[in-house]
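Here the structure is laid out as C-alpha cells; the discussion comes afterwards.
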Amino acid sequence: MRQHHRTLRLLGSLLLVAMGVSVTGAAPAQAASPTPLDRVVPAPASVAPSGSPYRITPDTRIRVDDSREARRTGEYLATVLRPSTGYRLPVTAHGAGGIRLRLAEGPFGAEGYRLDSGRKGVTITAAKPAGLFHGVQTLRQLLPPAVEKDSVQPGPWLVAGGTIQDTPRYGWRGAMLDVSRHFFTVDQVKRYIDQLALYKINKLHLHLSDDQGWRIAIDSWPRLATYGGSTQVGGGPGGHYTKADYKEIVRYAASRYLEVVPEIDMPGHTNAALASYAELNCDGVAPPLYTGTDVGFSSLCVGKEITYDFVDDVIRELAALTPGRYLHIGGDEAHSTSHADYVKFMDRVQPIVAEYGKTVIGWHQLTGANPSRGALAQYWGLDGTSAEEKAQVAAAARGGTGIILSPADRIYLDMKYTADTPLGLDWAGLVEVKRSYDWDPGTYLPGAPASAIRGVEAPLWTETIAKSADIEYMAFPRLAGAAELGWSPASTHEWEAYKVRLAAQGPRWEALGIGYYRSPQVPWQTAE
Ligand code: ACM
C-alpha cells in the first residue's frame, strides 16, 4: 500500500517535471518555458519568435545609455525586478549582455520600441524615452507573473527569444478618474497610475470638480477647495489636493510617461463652486453643498461678468500647474443652461484656455456650440444616442475637431458588468468584458473620418466607487481592453485571441494585489 502511494507520488512528480514544473523546494514552482512573445496586452504590432530565451540571473545587469531618461527607466525596471528575483541588478552604462535600454534613431515614433531577445540578452531600443518605458512594460509581461511580487520567488526568469516591433495606433490612450464624487488621495491616484502604465496608457484625465466636490486648491478663490471640497457623495469628508499634492501627481504620472489632463466641468456640474461663493449664482444665493447623485441641476451664471473673472482665475492657476497641452472644460449635461447661454459661455471660455497656452477639450456636447480651432471633443454617447447627435459630432470631426472615443456602453468603467455587479451604475447598460472590447475605434462613429479619431479613453465615474479596491474591480479587466483598443493595430483585433492573452493577466493582477472581476467570458489561468 505504502509502496503504491510512493509510486503514485513519483509518477505525479514525473508528470509535473514533464509539464515543466519544478518539484523541488517548498516555494511554489513556475513554468520553465517562457511566456510566448505574443502573450502581451496590448497586442504588439509585430512579433517574430526565434532562437533561445534569455535568462535573468544573479549576474544580470541593466545596461543603460548615458542619458538621464534611459537611466531612470532602467532604475524603474530594477525596482520592479529586484524584490521578486532577489538579484542585485545594477543599473550601469558598462559591460555586455544583460538587459539593455538603448535610445537610437529608428522607425519607432514618439512611443514605439523594438525588443530583441536571445541567449545573450534583451535589448529594448527606442527613439524616445517613452518608447523605452513602454518596451519595459512589454518585458514585464514576458516574465512570469510572480515577478510582480514583493518577496523573493523561485524563478526561473526566462524571456522568450525573438523580436517585437511595436508602435501605437493612437496617440491618445486615456483613463479618467472622477475624484469629485468620491475623493481619492495622492497615494490612491499613484496606485492607479502604476496600473495604467502597465498597459501603456499615456493620459490621466482627472475630473477635478463637480456638484459634489471641488478638489483642487485655487489661491484666488480659496473656499472652492476648503468648503466646496469638504464633502462627497454620501456625505463623507471629501478632500482636496493642495497645489503641492497636485504637482506630485503630475510628477509621478510623468515618471510613468502619463500626461495629466485636468478637467473643471462647466457651466453645469458646478454646485460645489456655487455653494462656495454666493456671487457666482444668478440670484446671489449660495445653494447648500450636495451629496446626492443627480445631474443637470446646477449652472454657472452666464450673464454675470464675475463668472468670467472666476473662470479666468481658475484656468490661469490650473494651467500654471499643468505641463501638458490640454485643459478639459467639461460642458456635459448643462441641462440648467439654455442652449443660447451654453453657446455664449463656450464662446467666452474657450479663448481663456488658449490665452493660458492650453488646448480645449470638452465632452462632445461642445460640438453643439462652436469648438475652437484645434479643440478635441470627447464622445461619450452609446448605441442608442440619436442619429442627429452622432451626426453633429461627425460633422465637427469633418470640420477639424479631433475626437476622443469614450462610448459609455463600451468603456465607461463604472457600468456594471452584469446585473449582479455590486458596484457601479447601469444607465448605459450592462457592459461585460467582451462588449467592452469588441468594437473598432476607427469605424465606430458613422461619418467621422478615421483621421479625426485621436484615440480612446476609459472614464471611471465614482458615484459608487469609494476606495482603491472598488476602482480595481471595475477597471480590471476592462481597462486592459481599452488600452488595447488604443494601442494595437486594427489587424490584431480579435476577441478569441484577446481573451486568451487577457486570461494570462489574471495571475499578474493577483501578484499585484489587484482584485479583478473574474468574468466567465474569459478562460482565466489560475495563479502559479
Ligand atoms: C458624462 O458622463 N456626463 C460625460
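Brief remarks follow.
- Test for Arg501: is it of a type in the set (D, E, K, R), touching a residue at least 60 places away in the same chain (Cβ under 8 Å) and buried (at least 23 other Cβ atoms within 10 Å of the Cβ): no
- Residue, farthest from the ligand (Cβ to nearest atom), within segment 407-453, restricted to residues that are in contact with a Lys or Arg (Cβ under 6 Å, 6 or more places away or on another chain) and free of Cβ contacts under 8 Å to residues at least 40 places away in the same chain: Leu430
- Filtered by the rule that a residue be more than 19 Å from the chain's Cα centre (by Cα) and closer than 19 Å to Pro42 by Cβ, segment 108-124 gives Phe108, Gly109, Tyr113, Arg114, Leu115, Ser117, Ile124.
- Test: residue in segment 413-425 that is under 30 Å from Ser519 (Cα atoms), crowded, with 19+ Cβ neighbours inside 10 Å and out of contact with any strand residue (DSSP E or B) (no Cβ under 9 Å at 6 or more places or on another chain): yes
- Verdict on Val295 being over 21 Å from the mean Cα position of the chain (by Cα), within 16 Å of the ligand (Cβ to nearest atom) and hydrophobic (A, V, I, L, M, F, W, C): yes
One line per residue, one yes/no per condition, for (1) modelled with pLDDT under 95; (2) among the basic types (Lys, Arg); (3) exposed (fewer than 12 other Cβ atoms within 10 Å of the Cβ); (4) in a loop (DSSP other than H, G, I, E, B):
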| residue | (1), (2), (3), (4) |
| --- | --- |
| Leu8 | yes, no, yes, no |
| Leu16 | yes, no, no, no |
| Ala26 | yes, no, yes, yes |
| Ala29 | yes, no, no, yes |
| Arg39 | no, yes, no, yes |
| Ala43 | no, no, no, yes |
| Arg55 | no, yes, no, no |
| Arg63 | no, yes, no, no |
| Arg72 | no, yes, no, no |
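- In segment 244-277, residue nearest to the ligand (Cβ to nearest atom) [restricted to those that are free of Cβ contacts under 8 Å to residues at least 60 places away in the same chain, out of contact with any Pro (no Cβ under 9 Å at 6 or more places or on another chain) and in a helix (DSSP H, G or I)]: Asp245
- Residue match in segment 314-322 (condition: modelled with pLDDT of 95 or more, part of a loop (DSSP other than H, G, I, E, B) and surrounded by fewer than 20 Cβ atoms within 10 Å (Cβ to Cβ)): yes
- So Ser298, is it within 30 Å of Gly236 (Cβ to Cβ), of a type in the set (Gly, Ala, Ser), modelled with pLDDT of 95 or more and buried (at least 16 other Cβ atoms within 10 Å of the Cβ): yes
- Members of segment 323-357 found to be of a type outside the set (A, V, I, L, M, F, W, C), open to solvent by less than 30 Å² (accessible area, probe 1.4 Å) and touching a helix residue (DSSP H, G or I) at 6+ places or on another chain (Cβ under 6 Å), listed by number: Gly331, Asp332
- Qualifying position, being at pLDDT 95 or above, within 12 Å of the ligand (Cβ to nearest atom) and in contact with a strand residue (DSSP E or B) (Cβ under 7 Å, 6 or more places away or on another chain), among His335, His328: His328
- Per the listing Asp166, Asp187, Asp219, Asp194, the residue uniquely among the acidic types (Asp, Glu), open to solvent by less than 30 Å² (accessible area, probe 1.4 Å) and either without any contact (Cβ under 8 Å) to a residue 24 or more places away in the chain or at negative phi (or both) is Asp166.
- Test: Tyr308 is among the hydroxyl-bearing types (Ser, Thr, Tyr), within 30 Å of Trp172 (Cβ to Cβ) and surrounded by fewer than 16 Cβ atoms within 10 Å (Cβ to Cβ): yes
- Each residue in segment 137-163 was checked for being surrounded by fewer than 22 Cβ atoms within 10 Å (Cβ to Cβ) and on the phi > 0 side of the Ramachandran plot, and 1 of them qualify.
- With respect to the conditions (1) under 27 Å from Gly171 (Cβ atoms); (2) surrounded by 18 or more Cβ atoms within 10 Å (Cβ to Cβ); (3) among the polar types (S, T, N, Q), Ser67 lacks only one, and its number is (2).
- Which numbered condition Val349 fails, given (1) away from the ligand (no atom under 16 Å from the Cβ); (2) free of Cβ contacts under 8 Å to residues at least 60 places away in the same chain: (2)
The values are calculated or read from the model by the stated rules, or taken from the named source; none is laboratory data. Everything quoted here is computed from the prediction, not taken from an experiment. Virtual Cβ from ideal backbone geometry, glycine too; neighbours counted across all protein chains shown. These area figures cover heavy atoms from the full protein model, side chains too; ligands, DNA and RNA do not enter into them. Shrake-Rupley method; radii C 1.70, N 1.55, O 1.52, S 1.80 Å.
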